[in-house]
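Below: the structure, in structure tokens.
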Amino acid sequence: MKRILVAGGSGLLGGACCVHFSENFETFFSFHDHGVKIKGCNGWKVDLSNERQAQKFVQKVNPDAIINTVALTNLELCEEKPLLAEKVNVETARNTAIAAKDNGSKLIHISTNYVFDGERGNYSEEDTPKAAGVYSCTKIEGDEAVLAVKPEYNIVRTCIFGWNIVPERKNSVSWIYDALSRGQKISALTDQYMNIILANSLAENLELLVNSPKQGIYNISAHGSLSKFELASRVAELYGFDKSLIGKSTLKEFYDKGIFKAKRPRDGSLTIQKFEKEFKVKLPSMDEDLAKFRKLGEQNYLSNFKLASPSRQ
Ligand SMILES: NC(=O)c1ccc[n+]([C@@H]2O[C@H](COP(=O)([O-])OP(=O)(O)OC[C@H]3O[C@@H](n4cnc5c(N)ncnc54)[C@H](OP(=O)(O)O)[C@@H]3O)[C@@H](O)[C@H]2O)c1
């Protein structure tokens, strides 16, 4: 049985990878601040920004492949603490890549659509990243650090949603779901667009990369770019929530009111044809993935995880 190491198992994507890969792989994961137990997997607390810890961990697990999902994903925190962002988004990427190379393990490093400034949209694997803030800047540096260690490693650019293990962490859809299910009003952006994939669907597609010798950058996301407002309307329709709770807003209003300090791409949509063509698969539509999100919720997906202590983020 192949061994896989998921760096960042306590995160949204890392957790989804652990659940998916544990079906057919011996699955190991790391966490940092949020001690968690995951059904069918073995996990350890590791600070991957520490080169020695990264080396020892990878040597101990000796995986065939590593999926690195570690990141500081809170954009506002990245603006407030750029050194922490550098440490988590760049140092952990470099250390994990070096440890993977020394151990002879394949590496899939997770990146983001936020490496693009969003002025144009529909970004392909060939487009040159352009930073729009500290998060974007450090994620670009992290990708470059990985490719500098070994240009053959995979970088996956994506945008995800799903059920977060750590309740304080939110994503586009969980934020909408939490508010509308409690009858709270939300203000959703009409002028920020992206195509987002359910973390669990991404995990399934990452298995194709794990089992493939293909190298380099791939965009993996769902079909159909939507604004946050359109996304909120789809979530309301799916669950039968009151649509009148969804107000409209613009990026400019959010910047002017200080709701957003970190700059966001206006159109962060990614083209996904390269992955579909090379791997002969059809990636899901956003509606399919929203329906799957609902199904996972009904199946009590989060019961796969047991947080060891109250979260601190
Ligand atoms: N969420 C999104 O909307 C989104 C969109 C596009 C791309 N992405 C990318 O997708 C990937 C996964 O994102 P996500 O939302 O799943 O992330 P997440 O939920 O915020 O989880 C981040 C993970 O990083 C771990 N971590 C933080 N500092 C660490 C350190 N020093 N050493 C080891 N681990 C550390 C965290 O551990 P603890 O929780 O235990 O501290 C956690 O497991 C990232 O590369 C992100 O940039 C995310």
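The values are calculated or read from the model by the stated rules, or taken from the named source; none is laboratory data. In this text the structure is predicted, and so the values were computed from the model without any measurement. Cβ: placed from backbone, ideal geometry, glycine included. Neighbour counts: every protein chain shown.
Structure notes:
- Test: residue in the stretch 97-112 that is within 23 Å of ALA232 (Cα to Cα) and within 14 Å of the ligand (Cβ to nearest atom): yes
- Criterion (assigned to a loop (DSSP other than H, G, I, E, B), of a type in the set (Lys, Arg) and under 30 Å from ASN24 (Cα atoms)) met by exactly one of LYS274, LYS214: LYS214
- Top-ranked residue in the stretch 275-313 [being within 19 Å of SER227 (Cα to Cα) and among the aliphatic types (A, V, I, L, M); ranked as surrounded by the fewest Cβ atoms within 10 Å (Cβ to Cβ)]: ALA291
- Pairs, first within 6 Å of the ligand (Cβ to nearest atom) in the stretch 8-24, second among the charged types (D, E, K, R), C-beta under 9 Å, six or more apart: SER10/ASP33; GLY11/ARG169; LEU12/ARG169
- Criterion violated by THR128 - all others in (1) in a loop (DSSP other than H, G, I, E, B); (2) more than 10 Å from the ligand (Cβ to nearest atom); (3) closer than 21 Å to LYS81 by Cβ satisfied: (3)
- Test result for ILE272, out of contact with any helix residue (DSSP H, G or I) (no Cβ under 8 Å at 6 or more places or on another chain), surrounded by 18 or more Cβ atoms within 10 Å (Cβ to Cβ), over 27 Å from GLU79 (Cα atoms) and at pLDDT 95 or above: yes
Let's see how each residue does on (1) touching a His at 6+ places or on another chain (Cβ under 8 Å); (2) aliphatic (A, V, I, L, M); (3) buried (at least 24 other Cβ atoms within 10 Å of the Cβ); (4) farther than 30 Å from SER225 by Cβ:
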{"position": "ASN50", "(1), (2), (3), (4)": "no, no, no, yes"}
{"position": "ASN62", "(1), (2), (3), (4)": "no, no, no, yes"}
{"position": "ILE66", "(1), (2), (3), (4)": "no, yes, yes, yes"}
{"position": "THR73", "(1), (2), (3), (4)": "no, no, no, no"}
{"position": "GLU76", "(1), (2), (3), (4)": "no, no, no, no"}
{"position": "LEU83", "(1), (2), (3), (4)": "no, yes, no, yes"}
{"position": "GLU86", "(1), (2), (3), (4)": "no, no, no, yes"}
{"position": "GLU91", "(1), (2), (3), (4)": "no, no, no, yes"}
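- If the condition is being of a type outside the set (A, V, I, L, M), near the ligand (Cβ under 10 Å from one of its atoms) and in a loop (DSSP other than H, G, I, E, B), then the stretch 66-82 contributes THR69, THR73, ASN74.
Yes/no matrix, rows are residues, columns are (1) assigned to a loop (DSSP other than H, G, I, E, B); (2) out of contact with any Asp or Glu (no Cβ under 8 Å at 6 or more places or on another chain); (3) buried (at least 23 other Cβ atoms within 10 Å of the Cβ):
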| site | (1), (2), (3) |
| --- | --- |
| PRO151 | yes, yes, no |
| VAL156 | no, yes, yes |
| GLU168 | yes, yes, no |
| TRP175 | no, yes, no |
| LEU180 | no, no, no |
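- Just one of the listed residues (GLY133, GLY183, GLY216) is touching a strand residue (DSSP E or B) at 6+ places or on another chain (Cβ under 9 Å) and either away from the ligand (no atom under 13 Å from the Cβ) or farther than 16 Å from ILE272 by Cα (or both), and it is GLY216.
- Taken over the stretch 39-73, the criterion of being in contact (Cβ under 8 Å) with a residue 60 or more places away in the chain and within 30 Å of ALA262 (Cβ to Cβ) is satisfied by ILE66, ILE67, ASN68, THR69, VAL70, ALA71, LEU72, THR73.
- Checklist (1) touching a residue at least 24 places away in the same chain (Cβ under 8 Å); (2) part of a loop (DSSP other than H, G, I, E, B) applied to ALA203, failing item: (2)
- Enumeration of residues in the stretch 282-308 that are of a type in the set (Gly, Ala, Ser) and at pLDDT 95 or above: SER285, ALA291, GLY297, SER303
- Of the residues examined, THR250 is one that is in contact with a Ser or Thr (Cβ under 9 Å, 6 or more places away or on another chain) and surrounded by fewer than 16 Cβ atoms within 10 Å (Cβ to Cβ).
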